[in-house]
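*Asks:* Dropping the structure in here first, questions after.
Each reported figure results from applying straightforward, stated rules to the coordinates on display, with no laboratory input. The structure presented is a predicted model; accordingly, all values stated were derived computationally and were not measured. Every residue, glycine among them, receives a Cβ derived from its backbone with ideal geometry; neighbour counts consider all protein chains shown.
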Amino acid sequence: YRGVFSAGNGPAMRSALLGVCFADDEPRMKRLVSISTRLTHRDPKAECGAIAIALAAKCSMLGKDFDSFLSELRRLTAEHGASSAELLDLVSQIQTSVANGESTELFMTNLGCNKGVTGYIYHSVPAVLHAWQTYPGDFPRALKTIIRCGGDTDTTAAMLGAIVGARVGKQGIPPAWLDNLIEWPRSVSWMERLANNAVDAVQHDKPGQAQSLSILGLAIRNAGFMLLVLLHGFRRLLPPY
């Protein structure tokens, strides 16, 4: 009941994991995506977009083709009427665009995102799906493509990374990207333990213990990032702009 009537892409950022964890339990996956979406967003478009990302992660992991994805998306979003029809039309356009060899950047420009992909879910989700289909098994090229589209790159890259990552696994990520990851106090090994805990929770159908994390470390990290953001903001007030 807390959600607002918004079609932002927040719910789609957190739905890929549900598609992977509950790939063999479609009703449960759909129900959890719906709950996760409505916590913050009540526009049916937000739910349709979140289902699309969860389903894409599932299909990517299982090696299903885009026709299968489109068929399942049509079935899972049928109850949303006009919102579903709009998304399905966009997905059909993606299929044609990729088949014609059109780049993701050009596709998004034609969709009206010539200044970058916005946080509107029917902009960011089509961008992600197009890049996924262009490079379904190439993690670095897919991520570079979506980042070059500009705009809301943190969210689009997160969605796309989850989808392609579900197929290629850790071995598909360039070692240098992992070695140079700066997310202190979290580390790659911390993330792997978190993932293993999630797997255990799903397999045993009960919550596991929360992953421990240094509160002091988080406070120091956040203070450092705040300082960087402020310095960057003030720097942009000065020439050369």
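*Asks:* Taking θ as phi - 60°, what are the ³J(HN,Hα) couplings along the stretch 10-22 by the Karplus curve (6.51, -1.76, 1.60), each to the nearest whole Hz, with x for Gly and Pro?
*Replies:* x, x, 5, 5, 10, 9, 4, 4, 5, x, 6, 5, 10
*Asks:* Looking at the calculated P(r) for the stretch 30-160, what percent of the C-alpha pair distances fall above 17 Å?
*Replies:* 55
*Asks:* Test of understanding: in a Gaussian network model of the chain with alpha carbons linked when under 10 Å, which of 96, 145, 153 would top the mean-square fluctuation ranking?
*Replies:* Of the options given, 96 has the highest mean-square fluctuation.
*Asks:* Please give the peptides 83-95, 184-196 ranked by average Cβ packing (other Cβ atoms within 10 Å per residue), highest first, as a rough proxy for protection.
*Replies:* My ranking of the peptides, most packed first, is 83-95, 184-196.
*Asks:* Could I ask something else about it? Would you mind getting me the FRET efficiency between residue 218 and residue 86? Use the beta-carbon distance for r and R0 = 35 Å, nearest 0.05.
*Replies:* 0.30
*Asks:* With a point put 7 Å past each Cα toward its Cβ, work out how far residue 114 is from residue 180 in nm, to one decimal.
*Replies:* Roughly 3.3 nm, to one decimal.
*Asks:* Further question: Please sort 101-107, 172-178 by packing, taking for each peptide the average over its residues of neighbouring beta carbons within 10 angstrom, highest first.
*Replies:* So the order, starting with the most tightly packed, is 101-107, 172-178.
*Asks:* Now, a different point. Within the chain, which whole H helices from DSSP have a Cα span along their axis of at least 20 Å and a mean Kyte-Doolittle hydropathy of 1.0 or more, if any?
*Replies:* Helix filter hits for the chain: 44-62, 215-235.
*Asks:* Assign unit charges at the C-beta atoms only (+1 for Lys and Arg, -1 for Asp and Glu), then state the dipole size of the stretch 16-128 relative to its Cα centre in Debye, rounded to the nearest 20.
*Replies:* 360
*Asks:* Is the C-alpha gyration tensor of the stretch 146-226 telling us rounded, prolate or oblate? Criteria: a/c under 1.5 is rounded; beyond that, a/b larger than b/c is prolate, otherwise oblate.
*Replies:* Verdict is oblate for the stretch 146-226.
*Asks:* Divide, for the stretch 1-101, the radius of gyration over alpha carbons by 2.2 N^0.38 Å, where N is the residue count.
*Replies:* 1.03
*Asks:* Let me ask another. What is the Å³ per residue value for the convex hull set by the Cα atoms of the stretch 117-186?
*Replies:* Here the figure is 92 Å³ per residue.
*Asks:* Suppose R0 equals 51 Å. What FRET efficiency, 1/(1 + (r/R0)^6) with r the Cβ-Cβ distance, do residue 62 and residue 238 give to the nearest 0.05?
*Replies:* So the FRET efficiency works out to roughly 0.50.
*Asks:* Could I ask something else about it? Across the Cα atoms of the chain, what radius of gyration and what greatest pairwise Cα-Cα distance (Dmax) are found, in Å?
*Replies:* So, for the chain, Rg and Dmax equal 18.6, 58 Å respectively.
*Asks:* Then there's this: Given 0.36 nm per residue, what is the gain on full extension from residue 194 to residue 28 after removing their alpha carbon distance, in nm?
*Replies:* Gain on stretching residue 194 to residue 28: 57.6 nm.
*Asks:* Over 24 Å between Cα atoms, which of 45/144; 58/144; 64/206; 30/115; 58/206; 30/144 qualify?
*Replies:* 45/144; 64/206; 30/115; 30/144
*Asks:* How long is the gain from residue 148 to residue 202 if the chain were fully straight, where each residue apart is worth 0.36 nm and the alpha carbon distance is subtracted?
*Replies:* Once the chain is fully extended between residue 148 and residue 202, it gains 15.9 nm.
*Asks:* Relative contact order for the chain: what percent, with Cα pairs under 8 Å and sequence separation of 6 or more?
*Replies:* It rounds to 18 percent for the chain.
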